[in-house]
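Values quoted throughout were computed directly from the atomic coordinates according to the rules given, and no laboratory measurement underlies them. These figures come from a predicted structure and were not determined experimentally. Here Cβ is always computed from backbone atoms with ideal geometry, including for glycine, and neighbour counts include all displayed protein chains.
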Protein chains: 2
Amino acid sequence: MTSDNKFPSINQLKYFVAVAKSLSFRRAAQALGISQPTLTTQVQSLEKTMNLSLFERNRSGTLLTPQGNTLLPLAQEVLRAGQRFNDTARELIDGTSTTYRLGVPPTLGPYLLPFVLPELHRRFSQLKFYVREEFPQQLEEGLLNGQYDLIISPSNHESAQFIVSELFTEPLKLVMPKDHALAGQEFVKPTDVQGEKVLTLEGHHHFHHQVQTICAQIGAQMYRDYEGTSLDTLRQMVVMGVGISFLPGLYVHSELHRPNELHVCELQNIPITRVQHLIWRNTAPGRVFFRELAQFFREIVAEKLASAVHVKNTTTRKI
Amino acid sequence: MTSDNKFPSINQLKYFVAVAKSLSFRRAAQALGISQPTLTTQVQSLEKTMNLSLFERNRSGTLLTPQGNTLLPLAQEVLRAGQRFNDTARELIDGTSTTYRLGVPPTLGPYLLPFVLPELHRRFSQLKFYVREEFPQQLEEGLLNGQYDLIISPSNHESAQFIVSELFTEPLKLVMPKDHALAGQEFVKPTDVQGEKVLTLEGHHHFHHQVQTICAQIGAQMYRDYEGTSLDTLRQMVVMGVGISFLPGLYVHSELHRPNELHVCELQNIPITRVQHLIWRNTAPGRVFFRELAQFFREIVAEKLASAVHVKNTTTRKI
DNA sequence: ATATCGTGATAGTTTTTGCCTATCAGTCGG
DNA sequence: CCGACTGATAGGCAAAAACTATCACGATAT
């Protein structure tokens, strides 16, 4: 006796509406493609569960009761909502009209997605991404627990649960003030950098660890007193002469339109890069489409950002 | 292949929402009071008819797919619409929370309903009437074809399809200008009226025919050149001295608050009245309540309008 | 008056659907 | 590596929903 939430079935509501429209059980049954007795019993059953009369049966014709009159638009609203569900479901079938939750690292998203997403939208006008920026570690965690459907991440952690598709290789450029002693060279000898103060982002950026590794490798010292919270502040600190730094190729490509501000170069013979991947759960039902999507990413990047990054002709691989 | 309007059942949507909420088939099944295999098969069936995946099944846990995520609010909207249907149906059960379409003659409605409807609303706060004024002939036609649920009418045509419940008897008052020769008497001898010009409403008012009958009976002449379209214009014409007229007691009671304008009297020994009835179809499922309703009408009229009309202690009778 | 046609309701039967129990096959944490 | 968890599957039964055939009644035309 808590709450008799005995819902009428959608079919019964459909039958109710059909009879209300034609005011004839026989004609309504024909329109519905069912037999008249079925229609009669179903409507009776609906009336019984609702405990009221929807129709006034007359040997000649059928009329809506005042109650039926009141309930008719509500029943139609249920059917309309069902129809919307159906229509939307149909659109979603092939995966190109769906909204995916995409996670990207903050040091990549703003400099990559503006080139890629508009082009994807051009190809699949109904395809949408809900983009969120987080550090790679949280991205992977979020992908695992369902917060994301897709992430882009530099780490290709082996995991039985992920499918990792390599997108492109991005160089890390060495930047320094225009008036720096090493400025002017396109390639700088690693030995020249020894002893330089290298600035980087705060610790939980993947970028931080990578720079740390590089510094250890070439004997440079990381300047830990000032760690930026964004690539923009990092650039500003370099401009102000606090030190030198590494900046992702896509950032340089996107943001350094005033080349006189900084000198951009690379380390000689030591290609420093990071590799970005598109990653999804191997259990994701969208995995077929995700594989195509990764390919689209590569194609678009190869087309639009060839000057900044390198796209291997890699096919998706499972790790 | 026209349109696969294979609707998901309401139950399946309910199951979908339940699983989406708890992200666990077993817990959702428990919450729904069904077994886990049933839930699994129903959700699978839903996915199959929709031809997409709503959930990503992982041996440890369950996640919504992007499609499921999109469809979830739509499914909830269907359920909410169903809930509204249910809630409304529950309110409508006893008939006192329903909107009834009530038809009344134009010579009665404005002078009766303002006294009755507020009182009915006081007793049944959810009871509503959609009131429409028409001539009695159209009222009966409208009642027959379902345009009205209830009508008030002076005619008590015998009909196998109607139930007629007498409400009250209303006198027709004789009115004349203050300076008329007969003014001043409370009862006028019928013979004195012979030769008087009697004004009335246009032909399709029931009122017209009744006055016609009376005139023939007492030997007065109907003045056919000016037939009013409303009781108000009729009154104005009498005030202007065009002739004398009969006016319904309830109209006199409602509108003649300036008694010096007109003299109101009655014919001696000839009680002229009209009887109003509440009428509904004998097939109307609301007939039990309509019977009560007629009784309420009589009680309210007896209480509020005793000075203007007469209520018999009549019970409902079938004609 | 009476036969005919049209209405929805009913009876009896078959098919489909929904739900159950029992069990399986993976995954995860200790 | 084991036990505890996940959802999926198989088989069976009962309820729901469908069908055909027929009925009872009212309206209408003959």
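Just for region A:1-31: of the residues that are hydrophobic (A, V, I, L, M, F, W, C) and more than 17 Å from residue A:69 (Cβ to Cβ), which one is farthest from the other protein chains (Cβ to nearest Cβ)? Here the residue is A:29.
The combined condition, being polar (S, T, N, Q) and more than 12 Å from DNA strand C (Cβ to nearest atom), is fulfilled by residue A:51. If I filter region A:42-63 for residues that are at the interface with chain B (Cβ under 7 Å from one of its Cβ atoms) and part of a helix (DSSP H, G or I), do I get at least one hit? For region A:42-63, residues at the interface with chain B (Cβ under 7 Å from one of its Cβ atoms) and part of a helix (DSSP H, G or I): present. Residue A:34 falls short of the stated requirement of being surrounded by fewer than 18 Cβ atoms within 10 Å (Cβ to Cβ), facing another protein chain (nearest Cβ under 7 Å), over 30 Å from residue A:231 (Cβ atoms) and aliphatic (A, V, I, L, M).
Yes or no, residue by residue, for (1) in contact with a helix residue (DSSP H, G or I) (Cβ under 6 Å, 6 or more places away or on another chain); (2) in contact (Cβ under 8 Å) with a residue 12 or more places away in the chain:
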| residue | (1), (2) |
| --- | --- |
| B:6 | yes, yes |
| B:44 | no, no |
| B:50 | yes, yes |
| B:54 | yes, yes |
| B:65 | no, yes |
| B:68 | no, yes |
| B:74 | yes, no |
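Would region B:90-106 turn up any residue that is within 9 Å of another protein chain (Cβ to nearest Cβ) and under 21 Å from residue A:84 (Cβ atoms)? No, region B:90-106 contains no residue that is within 9 Å of another protein chain (Cβ to nearest Cβ) and under 21 Å from residue A:84 (Cβ atoms). Taking region A:12-41 as the range and being part of a loop (DSSP other than H, G, I, E, B), more than 23 Å from residue B:98 (Cβ to Cβ) and within 11 Å of DNA strand C (Cβ to nearest atom) as the test, the residues that pass are A:24, A:35.
Every residue in region A:112-132 that is surrounded by 15 or more Cβ atoms within 10 Å (Cβ to Cβ) and farther than 21 Å from residue A:147 by Cα, please. Within region A:112-132, A:112, A:115, A:116, A:119, A:120, A:124 meet the criteria. Filter region A:165-181 down to the residues that are closer than 19 Å to residue A:238 by Cβ and either in contact with a Cys (Cβ under 6 Å, 6 or more places away or on another chain) or among the aliphatic types (A, V, I, L, M) (or both) and list them by number. Within region A:165-181, A:172, A:174, A:175, A:176, A:181 meet the criteria.
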